[in-house]
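Here the structure is laid out as structure tokens; the discussion comes afterwards.
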Amino acid sequence: MKIYIDILLVTNAIMTLIMLEAAGKVCHKVISPLRLLTACSVGGLSSLVMAIDSRGYFTAVLIVVIKLVSAVFTVLIAFGCKDPWQLLRYFIIYCAVDAVFTGIVVTLWQISGSKVIFFRNLTVYFDISLFKLALACGIAYGLHMHTPVEIVDINDIDNTALLIAEYLKRV
């Protein structure tokens, strides 16, 4: 399969955009357009790990570290976190949104048996036109974030952690 670098970068930047917007909705946080553009660029650039030969243990670990560090920078740039705990909260929410979208993509890939989706080194490549990808992502985003029931208040997450901590103190 031929992988075109422009499609790789743009499609992964679009996926980062959708995941950041979804995470922002979950956190009730509006991300400024400049922060969003910069964070999406980092997300798109992180897809270049697809080119690394991952046959060895060291390179596999390196790829995971690169992807984690790029995800932390993406969240830091997008949300402008003021303290490490806030960064951790937004990072966990971003990773949860990422996991949901990854699950959707993998499920569609498995069900359809499509040769349009290609996975390598924790990176996905869509062998479709950018217009079709943007349309599909927009529809998926619209379907996923359609009700207020799916929105979580960041204070609820904090209170859950406190509740667990108090419970563990008593045990």
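Taking the Cα-to-Cβ direction at Asp83 and at Ala99 and moving 7 Å from each Cα, how far apart do the two end points lie in nm?
Reported label-point gap for Asp83 and Ala99 is 2.5 nm.
For a paramagnetic label modelled at 7 Å from the Cα of Asn155 toward its Cβ, which residues of the stretch 6-26 fall within the zone defined by backbone nitrogen distances under 20 Å?
Within reach of a label on Asn155: 24-26.
Tell me, what is the FRET efficiency for His28 and Lys67 to the nearest 0.05, using R0 = 35 angstrom and their Cβ-Cβ distance as r?
That gives a FRET efficiency of 0.85.
Given 0.36 nm per residue, what is the gain on full extension from Tyr4 to Ile111 after removing their alpha carbon distance, in nm?
Extending this stretch completely gives an extra 36.0 nm.
Give me the one-decimal nm value for the distance between modelled label points at Thr59 and Leu168, 7 Å along each residue's Cα-to-Cβ direction.
Label-label distance for Thr59 and Leu168, simple model: 3.9 nm.
Rounded, prolate or oblate: which fits the stretch 17-118 when a ≥ b ≥ c are the square roots of the eigenvalues of the alpha-carbon gyration tensor, with rounded for a/c under 1.5 and prolate only if a/b beats b/c?
Here the stretch 17-118 falls in the oblate category.
Which entries of Lys29/Lys132; Lys2/Lys132; Lys25/Lys82; Lys25/Lys132; Lys29/Lys67; Lys2/Lys67 show an alpha-carbon separation above 26 angstrom in the structure shown? Mind dumping the intermediate values first?
Details: Lys29/Lys132 28 Å; Lys2/Lys132 18 Å; Lys25/Lys82 19 Å; Lys25/Lys132 24 Å; Lys29/Lys67 24 Å; Lys2/Lys67 23 Å.
Over 26 Å Cα-Cα: Lys29/Lys132.
Provide the packing ranking of 94-107, 56-69, i.e. peptides ordered by the mean count of other C-beta atoms within 10 Å per residue, highest first. Don't skip to the answer; put the middle values down first.
Values: 94-107: 15.7, 56-69: 12.8.
Answer by packing, highest mean first, reads 94-107, 56-69.
Which percent of the accessible area of the stretch 1-70 is formed by carbon and sulfur heavy atoms (probe 1.4 angstrom)? Walk me through the numbers on the way to the answer.
Working: 2830 of 3920 Å².
Using a 1.4 Å probe with all protein chains present, the stretch 1-70 comes out at 72 percent carbon and sulfur.
Could you give the length gained on full extension between Ile52 and Lys132, defined as 0.36 nm per residue of separation minus the Cα-Cα distance, in nm?
26.1 nm
The values are calculated or read from the model by the stated rules, or taken from the named source; none is laboratory data. Given the structure is predicted, the values throughout are model-derived calculations rather than measurements. Here the Cβ is made from the backbone with ideal geometry for all residues, glycine too, and neighbour counts use every protein chain on show. Please note that ligands, DNA and RNA were not included when accessible areas were found on the heavy atoms of the full protein model with its side chains. Shrake-Rupley method; radii C 1.70, N 1.55, O 1.52, S 1.80 Å.
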